[in-house]
Amino acid sequence: MTIPARLHWSRFPLRLALTTHAILLALGVMLAWRSGVVRSACHWDCEWYSAIARSGYGVLVKSGPEALPGQGSWAFFPLFPLAMRLVSVVTTLNVAAAGLLLNAVSLPILLWLTFDWTRKQHGIRDARFFCLFFLLYPLGLWFRLPYSETLFGLTLMLCLTRLQAGALLQAGAAGALMTAARPTGAPILFVLAVAHVLAAMKIDQQNGAAMLRKAGTASLGGAVAESAVLVTIGVSGLAAYMLYLHHTIGDALAFSHVQSGWGRHLNNPLSHITAGMRLPHAATLVPFAVIEPIVLIWAFAVGFRMESAILGVTWLLSVSTGLNSIYRIVPANPLMIVVFWRAARSLNTTWKWGTLGLFAILDIIIGILWIHGKSTLA
């Protein structure tokens, strides 16, 4: 019997991926053992997510762990704390430990979805290198912590792979989860919808195939209709959260308004970057804000257009309100790992192994910094 291509896993080094993932988790446990694994893993945003998972959203502006005036839990979208709460109820673990377990289980799935997307979109000659590169990538630290990066990445890649397979309704459902996970989810959904239409406008000599579709409506009108369906279904996650906020506190956009508590204000990205150059605490953020768009322009030029478009919108939205967490919001996205993999895949064997070795060393250093609560990683 012939195994359908979509179910054929032989190209994916499952054993290597799971073994590497288990080793990295064990290393994290060893590094954090004396301080307590959960306590060492749960800093900053994790404390907010944990508070929401335990008690729901606060009705006062000053809420959450060690909140400063003007800060509120509404800034944190509901999908991850809901998932933490569900895992906690099922396993009886505390919510922070539940978040660790959730991401430990989800990360291999995220890796496979990213592998599947990249293989079909660009081709992968060395599957083992791709998986090791993904798992050892230093700024993937947040995939293993009780942060929303893994769940957001999972919904993003699920949406992309379902679009790639022509499963519009499934992609819309994944989009709904994505827009309930992060404020950047809805803009990304619109990028996918526009790309869907633009792909239909492009006449392909072989099959008229769309960039994001394996098969589907060939006409422009059909693509517009499909994109409308995708957006309509996808924004339901964000709409549900906005309705909740409107009912609870009378402000459907509270998640945006409360950002001022963290010093985030809408402005020209260049203004935030130049202001960051004058602030000592932002010195480590400016290089990320400057280098990231350069990398994305290069990615677009070498044919990684979907990745660069999604990451570019993410960068623009983030830097338009401030430089906070810019080293995490864009770099800790599975598509950014794909972009860096594209730069590394043509290296010779010695340089490839050297890159992976450097990644492993940086993993340990960044992990130690995180365990000791260095605020530069907040």
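Since every read-out is calculated from the coordinates, none of them should be taken as a lab result. Worth saying up front: this structure is predicted, and the values here are computed from it rather than measured. Cβ sites come from the backbone with ideal geometry, for glycine too, and all protein chains shown count toward neighbours.
Once you sort the root eigenvalues of the Cα gyration tensor of the range 265-323 as a ≥ b ≥ c, which label holds: rounded (a/c under 1.5), prolate (a/b larger than b/c) or oblate (the other case)?
Verdict is prolate for the range 265-323.
Which shape class, rounded, prolate or oblate, goes with the range 253-378 when its Cα gyration tensor gives a ≥ b ≥ c as root eigenvalues, a/c under 1.5 marks rounded, and past that a/b bigger than b/c marks prolate?
oblate
In the chain, which whole DSSP H runs stretch at least 30 Å along their own axis (Cα) and average 0.0 or higher on the Kyte-Doolittle scale?
Span-like helices in the chain: 95-121, 349-371.
Would you tally the net charge around Leu139, using a Cβ to Cβ cut-off of less than 13 Å, leaving Leu139 out, and scoring K and R as +1, D and E as -1?
Net local charge, Leu139 excluded: -1.
Which FRET efficiency value, to the nearest 0.05, is calculated for Ile291 and His257 with the Förster distance at 25 angstrom and r the Cβ-Cβ distance?
0.25
If neighbour count is taken as other Cβ atoms inside 10 Å, put Phe152, Phe12 in order from fewest to most.
Phe12, Phe152
If each residue of separation counts as 0.36 nm, what is the full-extension length gain between Leu358 and Met201 once their alpha-carbon separation is subtracted?
So the extension gain works out to 52.2 nm.
How large is the helix-only mean residue ellipticity at 222 nm for the chain, computed as the sum of -39500 (n - 2.57) over DSSP H runs with n ≥ 4, divided by its residue count, in deg cm²/dmol to the nearest 500?
-20500 deg cm²/dmol
Fewest first, what order do Trp74, Trp262 take by the number of other Cβ atoms within 10 Å?
Lowest to highest Cβ neighbour count: Trp262, Trp74.
Label points 7 Å out from Cα along the Cβ direction at Leu369 and Trp351: separation in nm?
Once both label points are built, they end up 2.5 nm from each other.
Starting from the Cα of Ser106, step 7 Å along the direction of its Cβ; do the same at Ala26; then give the gap between the two resulting points in nm.
2.5 nm
Note the full-extension length gain between Arg125 and Thr92 as 0.36 nm times their separation in residues minus their Cα-Cα distance, in nm to one decimal.
Using 0.36 nm per residue and subtracting the Cα-Cα distance, I get 7.6 nm.
Ranked by Cβ crowding within 10 angstrom, fewest neighbours first, how are Ile109, Ile365 ordered?
With the fewest neighbours first, Ile109, Ile365 line up as Ile365, Ile109.
I need the peptides 13-26, 177-190, 268-281, 298-311 ranked by packing, meaning the mean over residues of other C-beta atoms within 10 angstrom, with the highest value on top.
Answer by packing, highest mean first, reads 177-190, 298-311, 13-26, 268-281.
Roughly how far apart, in whole Å, are the Cα centres of the range 318-378 and the range 241-300?
So the separation of the two Cα centres works out to 20 Å.
Can you give me the C-alpha center-to-center distance between the range 127-167 and the range 17-58, rounded to a whole angstrom?
The range 127-167 and the range 17-58 have Cα centres spaced 18 Å from each other.
How far, in nm, would the chain grow between Ala283 and Thr19 when pulled straight, counting 0.36 nm per residue and subtracting the alpha carbon separation?
91.3 nm
Just to confirm a number: summing +1 for Lys and Arg and -1 for Asp and Glu over residues other than Thr349 whose beta-carbon lies under 14 angstrom from that of Thr349, what do you get?
Combined, the nearby Lys, Arg, Asp and Glu give +3.
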